[in-house]
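Notes follow the structure.
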Amino acid sequence: MATDAPPPSKEQRQLPSTEEFVEVQESAEFGELRRSYRSFAFPLTIAFVAWYLLYVLLSNYAGDFMGTEVVGNINVALVLGLAQFLTTFLIAWWYARIAAAKFDPKADAIKSKMEGGA
């Protein structure tokens, strides 16, 4: 029979103070997490918005190009429009993989420290 006490319930845990939150926010661990997240998310967001705006601009100002038939009745506009959906799903999938591998372990460590687990 184990003699370990059960983990404290949510009611028993003491919430971190404002000072503790500020301390963690200023820590090197949190700074590294924020840097790694931003170095992934910001460039990818900028690239996707640029790709989307290119599609919109081509649709508005390059009608002849967008109307070029690729195969049968499928034109460049349809291919690029479907590629928008494809890139959205690929980015979401890629982010989920990166977050699970890099961001979540760091965030879990910070959370555990804040909750008094480590």
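None of the figures in this text is laboratory data; all of them are computed from the coordinates on show. Remember, it's a predicted structure, so these values are computed and weren't measured experimentally. Cβ coordinates were reconstructed from backbone atoms using ideal geometry, including for glycine residues, and neighbour counts include every protein chain displayed.
Grab the DSSP H runs of the chain that are 4 residues or longer, score each as -39,500 (n - 2.57), total them, divide by all residues and round the 222 nm result to the nearest 500 deg cm²/dmol.
Working: 5 runs with 80 residues, N = 118.
The helix-only estimate for the chain comes to -22500 deg cm²/dmol at 222 nm.
Rounded to whole numbers, the Karplus 3J(HN,Hα) couplings from phi for region 31-36 are x, 5, 4, 5, 5, 5 Hz, using 6.51 cos²θ - 1.76 cosθ + 1.60 with θ = phi - 60°, and x at Gly and Pro. Ordering GLN84, ALA96, GLY67 by the projection of their Cα atoms onto the charge dipole of region 47-111, which places +1 on the Cβ of Lys and Arg and -1 on the Cβ of Asp and Glu, puts ALA96 at the extreme positive end. Under 5 Å between amide hydrogens, built in the peptide plane, is the criterion, and for ASN75 it picks out VAL70 among residues at least 5 positions away or on other chains.
Using the crude model of +1 on Lys and Arg Cβ and -1 on Asp and Glu Cβ, and no other charge, please compute the dipole size for the chain relative to its Cα centre, in debye to 20. Present the calculation step by step, with values, prior to reporting the outcome.
Numbers: 10 positive and 13 negative charges, 39 e Å.
Using only the charged Cβ atoms, the result is roughly 180 debye.
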